[in-house]
Amino acid sequence: MIKKKKSFFNLVEVALAIAVAGIGIAGGMALFPVGMNASRDAMAENYCGDTAEQLMSYISAYCKNDWAGTIWNGAPVASIPDIRQLEDPGNDWGNDSDRDKDEPSGNTALDWCIPADADALGGIYFNDTDGNHLPDDLSIFKIVRKSGDYEDFAAAVRLWKKPINNFDKVVAAGGPLVVGASYKYGAALYAEVSWPISKPYSKRDKMYFYKEIFNPNP
């Protein structure tokens, strides 16, 4: 009887096998951050759209209830600015202008409302420097979404307004049709959502939204 000699892997073969397996595992592991980032970005964009819709619906109702105090009283009301502030060289938002005065390098003119007030609005924080539980202005907000005690999403929202093109039309006595530039009958609201709010403004993701609102009692 001829006995077959058992053959074992040598060290070179074992090393090659480990190297091949390691490359495969490393390639698979490299996909995890990509997938997690894609999932995070998709979740953030969903939150962003929901955030903008919720806030602009709140602002729409707020303005309709007090058009003269928020939009137009014969002249534009400054509660919502008439220009996107970054377009104004004298009023740059900067990295820290939407951070609470209690935060490092925060804006001394900004003081977010207490959490109870924000929770009553579904996680909308407004500027409440005087502590009267009402927005000091309607130009800046913070939106926070949580799962239990964990913060899933936090963004800054900037608002500004412009007249609706070709909407406010008046006819002067005996004169031609004139396109006005007032907000007597309606306004176009613009919103910029930037996130995460913990990052400097220049490093955030941003999305923009538009909504037209109309004066119920012109």
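The values are calculated or read from the model by the stated rules, or taken from the named source; none is laboratory data. Bear in mind the structure is a predicted one, so any value in this text is a computation, not a measurement. Cβ: placed from backbone, ideal geometry, glycine included. Neighbour counts: every protein chain shown.
Below are the figures for this structure:
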| item | result |
| --- | --- |
| Leading residue by the ranking (modelled with the highest pLDDT) among those in segment 143-161 that are under 12 Å from the mean Cα position of the chain (by Cα) and among the charged types (D, E, K, R) | 158 |
| Members of segment 144-161 that are under 14 Å from residue 43 (Cβ atoms) and touching a Ser or Thr at 6+ places or on another chain (Cβ under 8 Å) | 145, 153, 154, 155 |
| Output for segment 176-203, where each listed residue is at pLDDT below 85 and surrounded by 15 or more Cβ atoms within 10 Å (Cβ to Cβ) | 182, 183, 184, 185, 201 |
| Positions within segment 122-142 being in a loop (DSSP other than H, G, I, E, B), closer than 15 Å to residue 97 by Cβ and over 15 Å from the mean Cα position of the chain (by Cα), in sequence order | 129, 136, 137 |
| Flag for residue 43 being at pLDDT below 80, more than 17 Å from the chain's Cα centre (by Cα) and on the phi < 0 side of the Ramachandran plot | no |
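Residue-by-condition table, conditions (1) modelled with pLDDT of 80 or more; (2) out of contact with any strand residue (DSSP E or B) (no Cβ under 9 Å at 6 or more places or on another chain); (3) crowded, with 19+ Cβ neighbours inside 10 Å:
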position: 84; (1), (2), (3): no, no, no
position: 90; (1), (2), (3): no, yes, no
position: 96; (1), (2), (3): no, yes, no
position: 106; (1), (2), (3): no, yes, no
position: 112; (1), (2), (3): yes, no, yes
position: 138; (1), (2), (3): yes, no, yes
position: 141; (1), (2), (3): yes, no, yes
position: 163; (1), (2), (3): yes, no, yes
position: 174; (1), (2), (3): no, yes, no
